[in-house]
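The values are calculated or read from the model by the stated rules, or taken from the named source; none is laboratory data. Every value quoted in this text rests on a predicted model; they were computed, and no experiment measured them. In this analysis, Cβ positions are derived from the backbone assuming ideal geometry, glycine residues included, and neighbour counts consider all displayed protein chains. These area figures cover heavy atoms from the full protein model, side chains too; ligands, DNA and RNA do not enter into them. Shrake-Rupley method; radii C 1.70, N 1.55, O 1.52, S 1.80 Å.
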Amino acid sequence: MIEMPELWELIALFECEPVLADTGVPLSYNTLNFRSTRGADELWCQISPGYGDVYFTWSRQGSKVLDLKLFSVQRLCVSLGDCEALEISFEERRKMDLLRLQLKPQITLKWGMEIWD
């Protein structure tokens, strides 16, 4: 199960209300869909807290830039202010660095991972 920020923080970040996959089902067991537009960029984000999955599709002027499906997500954190971003942490056993998806002032993505034998 993903440790989630408050719903209002996600709404502030994506500047929209989520579309829920199942009405009447608690958020922690539901799938939340957000769609956000930043100039020529459009970002679609799907969060399934109960499964630990997060899925992003980023398009620019109708052409797909990024299609990313993340598993074993442990925690989501919203950073608001001049640089608004969603920070994603993974289960420690996955050896992946924090993924930072910035939405303002422009969409950017920063991520890394550790490789081991």
Which residue pairs have Cβ atoms closer than 8 Å, lie 6 or more positions apart in sequence or on different chains, and pair a first residue in segment 103-116 that is among the polar types (S, T, N, Q) with a second residue that is at pLDDT 85 or above and open to solvent by less than 60 Å² (accessible area, probe 1.4 Å)? 106/38; 106/41; 108/101; 108/102
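Here's the yes/no breakdown for (1) farther than 22 Å from residue 3 by Cβ; (2) part of a strand (DSSP E or B); (3) of a type outside the set (Val, Ile, Thr); (4) over 12 Å from the mean Cα position of the chain (by Cα):
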site	(1), (2), (3), (4)
56	no, yes, yes, no
65	yes, yes, no, yes
69	no, yes, yes, no
76	no, yes, yes, no
82	yes, no, yes, yes
89	no, yes, yes, no
Take the residues in segment 19-46 that are in contact (Cβ under 8 Å) with a residue 24 or more places away in the chain and under 18 Å from residue 84 (Cα atoms); name whichever of them is most open to solvent (accessible area, probe 1.4 Å). 39
Quick check on residue 37: is it touching a Ser or Thr at 6+ places or on another chain (Cβ under 7 Å) and more than 21 Å from residue 111 (Cα to Cα)? no
Check on residue 12, aliphatic (A, V, I, L, M) and loosely packed, with under 13 Cβ neighbours inside 10 Å: no
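Rundown of residues vs (1) touching a Phe, Trp or Tyr at 6+ places or on another chain (Cβ under 8 Å); (2) at pLDDT 95 or above, yes/no style:
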site: 21; (1), (2): no, no
site: 24; (1), (2): no, no
site: 27; (1), (2): no, no
site: 33; (1), (2): yes, yes
site: 44; (1), (2): yes, yes
site: 57; (1), (2): yes, yes
site: 73; (1), (2): yes, no
site: 96; (1), (2): yes, no
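Against the condition in contact with a strand residue (DSSP E or B) (Cβ under 8 Å, 6 or more places away or on another chain), part of a loop (DSSP other than H, G, I, E, B) and either of a type in the set (S, T, N, Q) or loosely packed, with under 13 Cβ neighbours inside 10 Å (or both), how does residue 106 come out, does it pass? So that I can check it myself, show each step before the final result.
Details: in contact with a strand residue (DSSP E or B) (Cβ under 8 Å, 6 or more places away or on another chain): yes; part of a loop (DSSP other than H, G, I, E, B): yes; either of a type in the set (S, T, N, Q) or loosely packed, with under 13 Cβ neighbours inside 10 Å (or both): yes.
Taking the combined requirement at face value, the residue satisfies it.
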